[in-house]
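Student: Mind looking over this structure? Questions follow.
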Amino acid sequence: SDPGCVRGSSWVQYFFLTAIAWSVCASVTLYEKIVNALKSYGKQDKFYFVKCLAGCWTGPLFMVLATYITQYSLDANLPYVTSTGQLDDDKTVTCWVASPWKWVGFIVPVYLCLLLNLVLFVMIARIIIRAGRSGSSTGHAREFKALLSISTTVGLPWLVSLFMVGPVAQVFQWVFILVTAVQGPTMFVCFVIFQEDVLTNLFGLLGKQPPQALLPPKSKTSKSGASSSGGPKPTATTAVTKKESAADVVNVKKTGIQHTHQAD
C-alpha cells in the first residue's frame, strides 16, 4: 500500500474509534444521572474519568497498532488497500482498512458501541418523555431539545452509515457527512447557547426576555420562589419602630449613667 494511505487510514481509524468510545462514556454517564439517579445518588466513582480516559485512548490504539503491525508483517498490500472508482468514476482514489481487519478492528467495535448507545438512549428518552407528560407545560420544546442534545452526544448520527449500501449508498454518504459534521455545532448550541444565563444575556442585548420554551423548567418558578422566600419588605412602620427602639436604648443608657453619678 501507499505509505500515505497507511498513515492517513491509521489516524482516521484511531480517531473514529476514540470518538465512539467517548460516546459510550457519555451514554453511561447520562444513564446514571437520569435513569439510575436514585440508585447512584450520593455515590461517586472518583476514578471514573480516569477509567474513561484510559479506555477511550488506549483501547482503540491497540486495534490500530494490531492492524498497522500486520501491514508490515505481510508481503501483500494488506491490511490497508487503495482502490479507485468508488464514486462511479475512475479518478477517485480511496484508502481504507481491508477485510477481515476492518471488521475486527473497526466495524464490529463501532457498531457494538452504537448499539449500546442506542439502548441507553431509548431508556433515557422514556424518562424524559414521561417527565414531560407529567409536567404542567403543554409544549414539548424542552423534551425535543434534551433528546436532540443527548442523541448527538451519544453518536446516534453515525447510525446513518447503516444505509450506505446498494444504489442509495452515495446519497447516504453525503447524509452521513452532514449529520456527523454538525455534531459539534449542535452540542455547542444545546449545551452553551441554550443555557439560561447565556440566553438571558443574549436577549438582554436586544432588550427582550428569552422565551420560556428555551429555558429550563426551574426558571419558571425562580422568580416566584425568590419572591416567596425573600420575606416581607421593610415598611415605614417598621422603620419607625426601629428608631423608637434605638431611642429607648439610648435613654436607658443615659439613666444608668445618671444613677452611677448619684451613687458616687
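The values are calculated or read from the model by the stated rules, or taken from the named source; none is laboratory data. The structure presented is a predicted model; accordingly, all values stated were derived computationally and were not measured. Ideal geometry is used to build each Cβ from the backbone, glycine not excepted, and the neighbour counts take in all protein chains shown. In case anyone asks, the SASA skips ligands and DNA or RNA and just uses the protein heavy atoms, side chains included. Shrake-Rupley method; radii C 1.70, N 1.55, O 1.52, S 1.80 Å.
Student: PRE reach from Ala26 (point 7 Å along Cα→Cβ): which of the range 39-60 fall under 20 Å by backbone N?
Tutor: Taking a point 7 Å out along Cα→Cβ of Ala26, the residues of the range 39-60 whose backbone N falls under 20 Å are 48-60.
Student: If you don't mind, there's one more thing I want to ask. Keeping all protein chains in place and using 1.4 angstrom, which order do Arg133, Arg142 fall into by accessible surface area, from largest down?
Tutor: Per-residue accessible area, sorted high to low, gives Arg133, Arg142.
Student: Take Arg133 and Ile193, extend 7 Å from each Cα along the Cα→Cβ direction, and tell me the distance between the two endpoints in nm.
Tutor: Inter-label distance under the simple model: 3.1 nm.
Student: Hey, another quick one. Students often check this: by mean Cβ neighbours within 10 Å, which of 179-185, 150-156, 15-21 ranks highest, and how do the rest follow?
Tutor: 150-156, 15-21, 179-185
Student: Using per-residue counts of other Cβ atoms within 10 Å, averaged over each peptide, order 57-69, 187-199 from highest down.
Tutor: The most tightly packed comes first, giving 57-69, 187-199.
Student: Using a 10 Å cut-off on Cβ atoms, rank the peptides 107-117, 161-171 from the highest mean neighbour count down.
Tutor: 107-117, 161-171
Student: Here is a further query. Distance in nm between label sites at Met164 and Tyr48, each 7 Å beyond Cα in the beta-carbon direction?
Tutor: Simple spin-label model gives 3.3 nm for this pair.
Student: For Trp174 paired with Val12, estimate the spin-label separation in nm (one decimal), with each label point 7 Å from Cα along the Cα-to-Cβ line.
Tutor: Distance between the two pseudo-spin positions: 1.9 nm.
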